[in-house]
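Working notes, structure below.
The values are calculated or read from the model by the stated rules, or taken from the named source; none is laboratory data. The structure displayed is predicted, hence computed values, not measured ones. Neighbour counts are summed over all protein chains in view; Cβ atoms, including those assigned to glycine, are modelled from backbone coordinates with ideal geometry.
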Amino acid sequence: MNVARVEFGKGVRLKLANRLGIRVIALFEGGKAMLMLVALLVFILDFHLNAYDLAETLVGRLHLDPQGHYVSLLLKVAENFSGGELAAVCVCALMYSVIKFSESIGLWNQRPWGRTLGIASIGVLIPYEVYALFHQYTHFKLMVLLINTSIVLYLFMFFNRHTILSSSEL
């Protein structure tokens with residue numbers, strides 16, 4: 001079993017047998033970053049920042065009814081996107097990917113800043129997820145809320161701002 005040793009300010013050692021759990025979270029967060037980056041590249045390269053073409057293609061490939069209420073609303077919104085708005089969305093998607101990749105690297109290497117970034121970047125979404133769940137309940141929203149809350153609690157349990165990793169013991 002992989003065990004990491006963590007030193008606290010007064011030299012007390014704590015064995016963390018949960019290195020695997022943190023690495024699973026790191027892979028999960030890195031996967032989300034990779035998925036966002038791939039989606040961004042597909043959007044830029046294949047659709048040349050044309051939101052309407054992307055929405056129209058998705059409607060066709062997913063065999064959705066273009067006359068449906070939500071689908072027609074999506075197509076109308078996509079048609080009215082300006083170039084500046086699309087560029088802003090792309091910059092936000094890129095920033096999201098950078099933050100998630102950084103978090104993933106920090107968690108994989110069990111750095112305190114990785115845990116801080118993980119708690120902050122995931123925890124900031126929990127109030128919105130609670131609101132969305134109460135506004136319109138779905139099992140998917142409940143699952144997302146439970147997963148993200150579990151990740152934040154798990155990271156918080158093994159986080160201390162005075163934690164210093166001993167790299168010789170990793």
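Residues considered: LEU27, LEU37. Of these, the only one that is modelled with pLDDT of 80 or more, buried (at least 16 other Cβ atoms within 10 Å of the Cβ) and at negative phi is LEU37.
Against the numbered list (1) out of contact with any Lys or Arg (no Cβ under 8 Å at 6 or more places or on another chain); (2) surrounded by 11 or more Cβ atoms within 10 Å (Cβ to Cβ); (3) touching a residue at least 24 places away in the same chain (Cβ under 8 Å), GLY83 comes up short only at (2).
Please work out if LEU58 is at pLDDT 80 or above and loosely packed, with under 12 Cβ neighbours inside 10 Å. If you could, list the steps in order and put the result at the bottom.
Details: at pLDDT 80 or above: yes; loosely packed, with under 12 Cβ neighbours inside 10 Å: no.
No.
Per the listing TYR70, TYR131, TYR52, TYR96, the residue uniquely surrounded by 12 or more Cβ atoms within 10 Å (Cβ to Cβ), over 18 Å from the mean Cα position of the chain (by Cα) and part of a helix (DSSP H, G or I) is TYR52. If you check ILE126 against the conditions, is it crowded, with 16+ Cβ neighbours inside 10 Å and β-branched (Val, Ile, Thr)? Considered against the rule, which asks whether it is crowded, with 16+ Cβ neighbours inside 10 Å and β-branched (Val, Ile, Thr), ILE126 comes out as no. Restricting attention to the range 143-157 and to residues that are surrounded by 13 or more Cβ atoms within 10 Å (Cβ to Cβ) and not β-branched (Val, Ile, Thr), the residue that is farthest from PHE101 (Cα to Cα) turns out to be LEU145.
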